[in-house]
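Since every read-out is calculated from the coordinates, none of them should be taken as a lab result. Because the structure is a prediction, the values reported are computed rather than measured. A quick note on method: Cβ atoms are made from the backbone with ideal geometry, for glycine too, and the neighbour counts reach across all protein chains shown.
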Amino acid sequence: MRKHIAVVAAMTLVVIVLAGCDRSLDAATEASAPWVMERVAALPPLPVEVVAAERTRLVPDIAASGMVSATREVSVVAETQGVVQTASFDLGEPVTAGQVLVTFDPLIQELTVEEARQAVVSAELSVATTERLVGSGNASQAQLTQARGALAGARARLAQAEKALADRTIVAPFDGLVAARSPSVEPGSFVTAGVVVARIIDISTMEIRLSVGEREIRYLRVGGAAFVSVPAAGTGEIRAEIAAIAAGSDPQTGSFPVVVRWEQPPGTLVRAGLSARVRIPPVGAPVRLVVPAGALLSRGDERSLFVATGDGVAERRVVTVGEREGERVAILSGVEAGEQVIVSGLRTLTHGDRVEPTTRTAAANGASR
């Protein structure tokens, strides 16, 4: 490029010198003005990159990434301790709500429940007898109150015993898949209370939590469309929607948490923990004639850019500039939609230069982030 410019400059100087002379060959240089102009015209055009001025949203699609998680996910914890009797589930298997996962030896709890039931029956008989005695004047009201209190205590102990027996059986809380299974949950092993025996996730509805900047949050709406790509799942874009937008920013990062949620499409299996990309079309973003901000040149208060004309010539245009969002700027006048705006080699480019334009890709243009 620099060599090309140097040659053009040298030939231009020769043209200026020869302009004051006659059109005969110069004895020293053996060059004439027409000869130099022919050589300049014969030089190859300057290669430049161009981007079409486009009437579109000034704010491009908002892009973010994060990790997929299930909307419903729970760790199933043993609420009792004892020897495992059965463990009827495995990693990755589907389970249904109420399905038995683990049972513990229930003998002691069964005996305790039976004992508590007999105590309730005895207390109920005592209350009935005392009520009859009070009616005949052979027992006091205080004795009846005491008998009723004993019955309430017996019933409470029965409820505790029944719960302890129910805790000997662990069931799935909802339909889902087994995401984790404790290696200690095997028949014959002793498990203590508080041990996580399984992790169950419902993959029918998935979500991803994003962080969005303050310049973009104004273009998001709850219920607005979003499009999720999960490369590891081998799927195309999945249509989703914005489920929640934080009322305030994260104090540590200054960004705004946003939740995007979607129903699992039939035939796909997006798993929790996979990385995903999210594209969100901005709502209410202004539509303008947009060019890359890097195409602009400044000279005092004047703004200009170069357009590659249809016959391969660089044409400098003075433009009126509007709003700017990131690397995109609105042009109010000076350029028409569809014209090819030059975005490379601007420092050495001059009005009237011959150019060979190639289209810059959307990624290089900053059309998406």
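Rounded to the nearest Å, what's the spacing between the alpha carbon centres of the stretch 42-74 and the stretch 272-314? Just the number, please. What the calculation gives is 10 Å, centre to centre. Relative to the longest principal axis of the chain, what angle (0 to 90°, nearest 10) does the C-alpha long axis of helix 33-42 take? For helix 33-42, the angle is close to 20 degrees. Distance between the C-alpha centres of the stretch 205-252 and the stretch 134-176: 51 Å, rounded to the whole angstrom.
Using 1/(1 + (r/R0)^6) with R0 = 56 angstrom and r between the beta carbons of ARG354 and SER75, what's the FRET efficiency to the nearest 0.05? The value I calculate is 0.20.
Here's the picture: a label point sits 7 Å out from the Cα of PHE174 along the beta-carbon direction, and within the stretch 59-81 the residues with their amide nitrogen under 14 Å of it are 69-76. Considering only ALA156, ALA78, ALA243, the Gaussian network model of the chain with Cα springs below 10 Å gives its largest mean-square fluctuation to ALA156. Taking ALA272, ALA123, ALA64 in turn, the Gaussian network model of the chain (Cα-Cα springs below 10 Å) assigns the largest fluctuation to ALA123.
Averaging the sequence gap over all C-alpha pairs within less than 8 Å and six or more residues apart, then dividing by the number of residues, gives the chain a relative contact order of 25 percent. If you count the DSSP beta bridges with both ends in the chain, what percent of them are antiparallel, to the nearest 5? Antiparallel: roughly 95 percent of the beta bridges in the chain.
GNM remark for the chain: springs join alpha carbons under 10 Å apart, and the peak mean-square fluctuation among GLN109, GLN340, GLN143 falls on GLN143. As a length-normalised measure over Cα pairs under 8 Å and 6 or more apart, the relative contact order of the stretch 216-369 settles at 18 percent. Compactness of the stretch 235-369 is given as radius of gyration and Dmax, 20.8, 60 Å, from Cα positions.
The calculated FRET efficiency for the pair GLU241 and VAL121, based on their C-beta separation and a Förster distance of 45 Å, comes to about 0.20. Helix 2-19 and the long axis of the chain differ in direction by around 30°, with both axes built from C-alpha atoms. Segment ILE217..ALA159, full-extension length gain: 15.7 nm, with 0.36 nm per residue of separation and the alpha-carbon distance subtracted.
Shown for the stretch 106-167 is the translational diffusion coefficient from the Stokes-Einstein equation, using the Kirkwood radius over Cα pairs, a temperature of 25 °C and a viscosity of 0.890 mPa s: 199 µm²/s. In the chain, the longest principal axis of the Cα atoms and the axis of helix 141-166 are about 50 degrees apart.
Considering the chain at the alpha-carbon level, its Rg and Dmax are found to be 40.0, 151 Å. Extension gain, GLU327-ALA232: 0.36 nm per intervening residue step, less the Cα-Cα distance, totals 31.1 nm.
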